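The values are calculated or read from the model by the stated rules, or taken from the named source; none is laboratory data. Since we're looking at a predicted model, the values are computed, not measured. Every residue, glycine among them, receives a Cβ derived from its backbone with ideal geometry; neighbour counts consider all protein chains shown. We work out accessible area using only protein heavy atoms, side chains counted, and drop any ligands, DNA or RNA first. Shrake-Rupley method; radii C 1.70, N 1.55, O 1.52, S 1.80 Å.
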Amino acid sequence: MLRIPRYLLIAALATWGMSVLYTLRWNPELRFLKAIAIKKESWARQLSTNGQPKTLIFGGSSCAFSINGERMLARHGIPMVNFGLAAGHGPKVLTEEALSHLSRGDTLLIALEPALVTETLEPTPLGIQYALIRNRVDWVVDSHLGVEGISYASALLALRPGGYHAITLLGKVLSGQPLYRYQPSDVTPSGWQQTSVRRRVDGPPTFDPHVPPSSRAFLRSIAEACAQRGIRVAYSLPWGYSPPDRAQEQRERCRTFLLQVLEEMPVLKDPLLGVHGVVEDYADTVWHLTESGAAKRTDSLAAQLSQWSLWTREDLAKP
């Protein structure tokens, strides 16, 4: 029987312990995500104390950069919190977080990027780490919303930072760059995020428009959970940049995707079908809107919400 020297076992445990401590206390991305989640949570509580039902929209960073809750309330009278975080959380953790801030009579808008819906639903390392720093390990170990949970052992092992993260962080330290490209100050109280960074944006965003059975079951489970809790729910397709010569092709891809989503839950009737082709309205990615782009997206969403304008299958299927 192979015997592991005690000093090697101690060294391994010490290394793992330091990795856990780094992840839970010092990881700059997780510190940012926790800080902005607490800010968004505070806004959600503030809206709830006013006695009026609130609307919560969530998704990856495309959502965070798209919806200005302060503008939605001031201009349109709709109390809204933007719980967009990072796509790297994975769809289940993002959804669990959103559901935890809702009460009967509220409205939930699902603005997950299409790839988050059509690809794997398994918890991601970032999602697991985030759940643990939020003291909600149940988000990843419990089987819920049609997604199998993971073991506690797997959750603990996921607290180790990956090699890519370590190398990237070291490079930033050596070059004097900020440890994370966004700061909590980039996020307003309602959860809307902005950045001064501008990069070339090409587009369109790519994704498989075919929703697999497991993802359909996930969407259906969300709709059922909302119905049981008296929460109104709909899917809202994020805006992504497409150059004019590819816009129609991208809209058809989005149409194919939405027709499948519509079989599981209502879909808000965005006349652009998720394709906004003004490149000046994008900051550093094909999903991240600038202030002007977010104003347009917010106002468009407000019009859909005010009338609760939903796609019918017949209208959506028309080319």
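Structure values in brief
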{"item": "Selected residue (criterion: farthest from the chain's Cα centre (by Cα)) from residues of the stretch 206-217 that are open to solvent by 20 Å² or more (accessible area, probe 1.4 Å) and polar (S, T, N, Q)", "result": "SER214"}
{"item": "Whichever residue in the stretch 133-155 is in contact with a helix residue (DSSP H, G or I) (Cβ under 9 Å, 6 or more places away or on another chain), part of a helix (DSSP H, G or I) and open to solvent by 40 Å² or more (accessible area, probe 1.4 Å) and, among such residues, is farthest from SER100 (Cα to Cα)", "result": "SER154"}
{"item": "For ARG251: the one exception among (1) in contact with an Asp or Glu (Cβ under 6 Å, 6 or more places away or on another chain); (2) buried (at least 16 other Cβ atoms within 10 Å of the Cβ); (3) among the charged types (D, E, K, R)", "result": "(1)"}
{"item": "Helices (runs of 4 or more DSSP H) (entirely within the stretch 20-111) containing at least 3 residues that are within 12 Å of the chain's Cα centre (by Cα)", "result": "61-64, 91-99"}
{"item": "All positions within the stretch 234-268 that are closer than 14 Å to ASP208 by Cβ and of a type in the set (Ser, Thr, Tyr)", "result": "THR256"}
{"item": "Test: residue in the stretch 273-296 that is in contact with a helix residue (DSSP H, G or I) (Cβ under 9 Å, 6 or more places away or on another chain), under 22 Å from GLY203 (Cβ atoms), open to solvent by 50 Å² or more (accessible area, probe 1.4 Å) and polar (S, T, N, Q)", "result": "yes"}
{"item": "Among residues of the stretch 218-231, those that are surrounded by fewer than 16 Cβ atoms within 10 Å (Cβ to Cβ) and touching a residue at least 24 places away in the same chain (Cβ under 8 Å), counted", "result": "3"}
{"item": "Filter result for GLY77 (within 25 Å of SER292 (Cβ to Cβ) and open to solvent by 40 Å² or more (accessible area, probe 1.4 Å))", "result": "yes"}
